[in-house]
Ligand SMILES: [Zn+2]
C-alpha cells in the first residue's frame, strides 16, 4: 500500500511538472508577441530571464532597435533616460559614454550651444577644455583651427545673414546689388538698402538721446580693402594688422551691411569713451544691428574690440544673438547654417 501511494505521489508530481508552462508560454502569457519571443529567445539565458516576470516594453525597445548589441545591454539600462535612446545607444556602442563622463555629456547635448553637425568635434575636443561651453564656442566658431586656415567661400544663399570672417571669404568681384548713398549729413559712403534704412531708424533713436551718430566707413570693395590692408602692413607686422584689419575678401564691409560709426569730431579710437558707445551697445539690436567685435570675444573673432563696428542682421536675429550672448560667428553655426 505504501508503495502504491509513493508511486501515485510520484505520478502526481510528474504530472504537475509537465503542466508547468514553458518559458515561451510564460512570455506569451505576459503579452509578448511571437515576434518578440523569437527576439528574446535569441538572447543569452541570463538576458532572457530579464523578461520573465512582466511585460518590459522599455527593455524590449532596446532589443528591437537596429543599434542593439547584446553585450551592451547592461550599459543601456544604466544610462537609460539620461539621453535620447538612439543617441545613448550610439554613445554606448562607440565606447564614449561612461559613468565618469555621463554628466558632462548630458550637459553637452542639452547646451544651447549644441549644433548637431559639430557633434563629433565636440566629442573630440571635450577633454581639451575644462569649460564645456568654451569648448563648444571654439568649435562652433571654428576657432579650434588657426585663423585664416581652411578658408571657404561665403554661403551667399543666407542673404542678409551671410557670415564673413577669417574662415569665410567673399569673391573679389562681389558687390552688393542694392547699394545706396549715405546722406552727406549722416556721414559718407554706401550701404545696402536694408542696412541704410535700419541705420536711419537707429540714427533717429540715438539722436533723440542726444547722440548724432555718423557713418565713418560703410561699404568697402575687395580692392579697397586690399589697399587698406597692405597700407597697414607697411606700419605693423602681419600678426598685428590681422587683429585690426581684415584681409581682402574677409571684411564685413564688403557686404554693405557693416558700418563703422562715431560722433562728429570723435575718432573711432576714442568712440568707446563716449556715452553714445554705451547707448549703441545696449540698443543697436532693437534696430537690427549687433556690435560685431566685443571686448570679451577677442579670442573668438580674432579682432580687437571695435565698439564702433556694427553689423546689420535684422531686428529678430540681432536681438537673438544678444540674448544668446554669442558672437555672430558662433550664432551662425548653431542657428543659421543648419
Ligand atoms: Zn568696421
Point to revise | residue 80 paired with residue 100, simple spin-label distance in nm, labels 7 Å along Cα-to-beta-carbon | key: 2.7
Exercise for review: Report the residue, chosen from 190, 124, 254, that carries the largest GNM mean-square fluctuation when the chain is represented by alpha-carbon nodes joined by springs under 10 Å.
Suggested key: 124
Review point. Per q in 0.25 1/Å, what log10 I(q)/I(0) does a Debye calculation on the alpha-carbon atoms of region 169-216 return?
Key: -0.92
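At a temperature of 20 °C and a viscosity of 1.002 mPa s, determine how fast region 152-336 diffuses translationally according to Stokes-Einstein, using the Kirkwood radius over alpha-carbon pairs as Rh; express D in µm²/s, rounded to the nearest whole number.
In µm²/s, the coefficient rounds to 130.
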Review point. When the chain is treated as a GNM, springs tying every alpha-carbon pair under 10 Å, which of 255, 20, 38 comes out with the largest mean-square fluctuation?
Key: 20
Review point. In a GNM of the chain with a 10 Å cut-off on Cα contacts, which of 32, 287, 175 has the highest mean-square fluctuation?
Key: 32
Review point. Considering only the chain, what is the antiparallel percent among its DSSP beta bridges, to the nearest 5?
Key: 75
Exercise for review: At 7 Å along the Cα-to-beta-carbon direction for both residue 337 and residue 286, put a label point, then send me their distance in nm to one decimal.
Suggested key: 3.2
**Study point:** Coordinate range along principal axes, alpha carbons of the chain, Å, largest first
**Key:** 125, 42, 35
Study note, to complete from the structure: A convex hull over the alpha carbons of region 151-196 yields, per residue, a volume in Å³ of 94
Check your understanding: Rounded, prolate or oblate: which one fits region 288-338, using the alpha carbon gyration tensor with axes a ≥ b ≥ c (rounded when a/c is under 1.5, else prolate when a/b beats b/c, else oblate)?
Key -> oblate
Practice item. For the chain, calculate the relative contact order in percent as a whole number, restricting contacts to Cα pairs under 8 Å that are 6 or more residues apart. Key: 13
Practice item. Could you work out how far helix 2-18 tilts from the main Cα principal axis of the chain, as a 0 to 90 degree angle to the nearest 10? Key: 20
Practice item. Could you grab the relative contact order for region 152-336? Cα pairs under 8 Å, six or more apart, rounded to a whole percent. Key: 22
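Read-outs throughout are calculated quantities, based only on the coordinates presented, and are distinct from any laboratory measurement. As the structure is a computational prediction, the values presented were derived from the model and not from experiment. As a convention, Cβ positions derive from the backbone with ideal geometry for all residues, glycine included, and neighbour counts pool all protein chains shown.
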